[in-house]
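Computed from the coordinates by the stated procedures, all read-outs in this text should not be read as laboratory data. Remember, predicted model here, so these are calculated numbers, not experimental data. Virtual Cβ from ideal backbone geometry, glycine too; neighbours counted across all protein chains shown.
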Amino acid sequence: MTLNLPAEVEAMITDRVRCGRYASPEDVVAAAVRALRDAELPGSLPADVDPGEWDALLAAGERGGTTFDGQSVLAVLRALRREAAVK
């Protein structure tokens with residue numbers, strides 16, 4: 001497969017190989033495609049978060065005090081957005 005990439009993308013790939021994070025440009029592209037696949041999976045975790053980290057963050061949040069349900073938070077955010085639009 002041959003790809004024509006924008007110069008900025010080629011520079012990003014070259015930088016990652018140059019700094020030693022990847023052995024070759026093909027390795028960078030393969031990692032990017034895997035990250036894209038993972039990001040598009042329903043319920044997938046971001047690549048930089050360990051699965052156990054989410055559990056720890058949720059547990060800390062639950063111990064942290066008052067909890068809010070999602071609908072309440074969205075209602076407040078929508079109200080703030082409406083207020084900002086009026087100003």
Only helices counted: for the chain, with every DSSP H run of 4 or more residues adding -39500 (n - 2.57) and the sum spread over all residues, [θ] at 222 nm is -21500 deg cm²/dmol
Extreme residue, positive dipole direction of the chain, given options Gly65, Val86, Val49 (C-beta unit charges): Val86
With a 10 Å Cβ neighbour count serving as the proxy for reagent exposure, in which order, fewest first, do Arg78, Arg16, Arg63 appear? Arg63, Arg78, Arg16
Per residue, the convex hull enclosing the Cα atoms of the chain spans a volume in Å³ of 218 Å³
What is the packing order of peptides 66-76, 27-37, taking the mean over residues of other C-beta atoms within 10 Å and listing the highest first? 27-37, 66-76
The chain: angle of helix 7-18 to the longest principal axis, Cα-based, in degrees nearest 10: 80 degrees
